[in-house]
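These notes are about the structure you will find just below.
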Amino acid sequence: MNYSSRFLYFNWATLILIYLVVIAGSFVRITGSGMGCPDWPRCFGEWIPPTEVSDLPEDYQESYLEKRSKKVKKFSGMLESIGMEDSAEKLRTDPSVYEEESFNAQKTWIEYVNRLFGFLAGNFMLAAFFWLLFAYRKSKLIWVSGFNLILMAFQAWFGSIVVATNLVPWTITIHMLLALVIIAIQIYVIVVINNKSEIFNKYELSKSVKWMVWFIFIITFYQMFLGTQVRESIDLLIKEGVAQEDWTEKTGLTFYIHRSFSWLVLVLMAVVFYINEQKNKYPPIRIAFIILSIELLSGVLLAHVDMPGLVRTSHLLFATILFGVLWMFLLRVRTRLN
């Protein structure tokens, strides 16, 4: 089935918006703005948030704490129903879950912008689904796009849980991993749409190099998971007032695995890059190698130097772009027969 170029560009725009949500979400976490809006989907009960604390009722903290407590109780019950009794109990008894922050206009608007990007991405995905439904009703992509739309809706709901639980670390990790799955499916949709285009040719690699790229991709995904674990540990250390020079030692084994795997991925990527330059000169391999180098550099800076939030955001951004570049490349790779 042939798809129009407009439909292709629309799906690219959707992917870009999803990436903007990831960037905004990273900035929210770095600036500690996750509780800038204590309710969901509105912000302080309004579609456009306030700019002054005087715009809020005097008991706003107690009011929103009560609402969040009810949601935490309901979510804990859901966890228990699927056999996660320990997590449910920890959630109910963790005093940090029930801490309410004072109003901060800057944090409120940072979180609000994050939600706006999420709203736009969700609506673009919804529009793409209906476009498929009415213009390409025989396309198998309807099921893929529909599933991704459901995931996006679940992601939005889970975002409300992240807020309700006062940013419990493991909920943030799941929120991030779900975003990667959504990105992967959206990229798959774009590749299928482009599949019959002469410009969007398939790449050919030997079996060994292809499996090496797959290994790099899997380790990259695992690295992003480890990165969220490291970030969780650092968030706890910051709360405890631990100095930055002690973070590396205090984060334990997870940090050292994360660091070691980074060098492993770089070495493997360098090998693939060298083979690529000798034979194929495929642009995605070059792009992936450059992004990985920048990613590793930003990681080194974060580990040893007190860097601004922009560097922390770029670390996640480049990791997510690398994930996307490798995934799109692998979807387009054929195994060379000889």
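FYI, it's all coordinate maths here, none of it is from the lab. No experiment lies behind these values; they were computed from the predicted model shown. Cβ sites come from the backbone with ideal geometry, for glycine too, and all protein chains shown count toward neighbours.
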Top of Thr251, Thr14, Thr220 by mean-square fluctuation, Gaussian network on the chain, Cα under 10 Å: Thr251
Relative contact order (%) - criterion: Cα under 8 Å, at least six apart; region: the stretch 1-200: 35 percent
Listed residue (Val230, Ala243, Leu180) projecting farthest to the positive dipole end of the chain, Cβ model: Leu180
Those aspartates and glutamates that a straight Cα-Cα span of less than 17 Å connects to Lys279, excepting residues fewer than 8 apart in one chain: Glu204
Cα centre as origin, Lys/Arg/Asp/Glu Cβ charges: the chain dipole, Debye: 2340 debye
Where labels lie 7 Å past Cα in the beta-carbon direction, separation of Ser54 and Leu297 in nm: 4.8 nm
Qualifying trypsin sites (Lys or Arg not before Pro) in the stretch 81-169, DSSP loop, other Cβ atoms within 10 Å at most 12: Arg137, Lys138, Lys140
Stretchable slack from Glu66 to Thr335, in nm (0.36 nm times residue separation minus alpha-carbon distance): 91.1 nm
GNM result for the chain, Cα springs below 10 Å: residue of Val28, Val53, Val191 fluctuating most strongly: Val53
At R0 = 35 Å, FRET efficiency that the Cβ-Cβ distance of Arg42 and Phe147 yields, to 0.05: 0.80
Reachable lysines, given that their alpha-carbon falls under 23 Å from the alpha-carbon of Lys73 and they are not under 8 places away in the same chain: Lys90
Those lysines that a straight Cα-Cα span of less than 19 Å connects to Lys138, excepting residues fewer than 8 apart in one chain: Lys196
Cβ-derived FRET efficiency at R0 35 Å, Gln278 paired with Ala156, nearest 0.05: 0.15
Check: the stretch 1-200 dipole with +1 on Lys, Arg Cβ and -1 on Asp, Glu Cβ, in debye: 1220 debye
Candidates Pro57, Pro283, Pro38, ranked by Gaussian network fluctuation over the chain, Cα under 10 Å, top entry: Pro57
Mean projection area, nm², convex hull over Cα of the chain: 19.7 nm²
Amide N of the stretch 288-304 lying under 11 Å from the label point, which is placed 7 angstrom from the Cα of Trp263 along Cα→Cβ: none
